[in-house]
Amino acid sequence: MIIERIKSYLLKRRENIINGYLNCIPSPFLRFRKNFPGIEQGKYYLITAAPKVGKTQLSSYFLYNALEEAFTKNDKIRIKIFYFPLEESEDLIIQRYMCYLLYKYKKKLISPEELSSTQKAVDEEILLMLENSEIKSRLEFFEQHVIFSDERNPTGMMKFLESYAKNNGKIIYRKMQYKDTEGHLVVKDKFDHYEANDGNEYVLWFVDHLSLIQQERGMTLRETMLKCSEYAKDFKKKYNYTPVFVQQQGLETTSLQAYKEGKIRPTVAGLSDCKDTAKDVDLMIGLCNPYSFEMDTYCKYPIKDLQGYARILEIVVNRHGPTNGILGVLMLGQAAYFEELPKPDDNIALARVQAFINNLIKPIQEIKKGLLFLLIDKITK
């Protein structure tokens, strides 16, 4: 029975590709797909970085990419994201998504703080852009497919997700026979597999970030984090769900000693509060910011010239493939937007990136001054 089910599974995945369907939500980074093809059902992902490097932005970008794939290919894949925000408010998370959409579709780079008029009234034009059909339809899709929960401890999260699983599929049992201590034959039902009502629905369990999880009664923080990871491992196996957890790196990767030893990239040993989560994951992705160490170059990239917008993405753990895949990326933190950097030896393309960055950071007063000089020059000619 099990062998036949696996054969059927393999045949279905082959037919999916032949018929134009998907077996994963493709990674947004094309040059990284050899190491990380994309988000798959029944895989457990961990995203890690030191504080203030961009782990929330990176994990958000992966979620936005998954939502976009489901939005544009609704006949092929569906998505449901269970979001447990342990650090930020639901409002801030949605505002960040708005900023992402504004940049992606209108090339308006704005932060959630600017969008919410924290110090200066936001331009009415930008708020009107949110009513654009391209953006509005995606915001509606987000609201329909992202479910926020106030559960903060592993058991609460597990019960919340289990309720969804039971209401949207069925558990198939098989008979198990054994003899008890007195030699009597005992027949019991044993879990065999889970059949979702919609096999093309990706159910993501998203936690940001693990160190802020509420401790289970009688457990330390480390034990609680490990419990959450165990639940994640169980759910990916039992229900084919996809945990995506965010976990900080400890201060070790941000110290002067780490810089001196050239160990600024995330590691398993650097995971904060509980290193054993790495034993459970299928893929662990790390992000680092060499600019914070005032480096001129790193991984052959001109870090100083890229002025804090460059990040290095790396596969730290990969249960099913190669590790140490490294990719340079451009990060626009305000919009949680990432793009692959050109290869380090592509000087022409890198020069274009540097020019783009220079335009971003050029002071507004200098822009106004330059425009004024151009106007005066034009009048006097």
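Couple of notes before you dig in:
- Anisotropy class of the chain from Cα gyration tensor, a/c 1.5 cut: prolate
- The lysines whose alpha-carbon is closer than 19 Å to the alpha-carbon of K104, local same-chain residues fewer than 8 away aside, are K73, K136.
- Normalising the average separation of contacting C-alpha pairs (under 8 angstrom, six or more residues apart) by the number of residues puts the relative contact order of the chain at 22 percent.
- Span-rule helices in the chain, defined as complete DSSP H runs reaching 15 Å or more along the axis (Cα) with Kyte mean at least 0.5: 347-361, 364-380
- Highest to lowest packing among 9-22, 272-285, scored as the average C-beta count within 10 Å: 272-285, 9-22
Every number in this text was worked out from the coordinates using simple rules, so none of it is lab data. Fair warning: this is a prediction, and the values are worked out from it, not measured in the lab. Here Cβ is always computed from backbone atoms with ideal geometry, including for glycine, and neighbour counts include all displayed protein chains.
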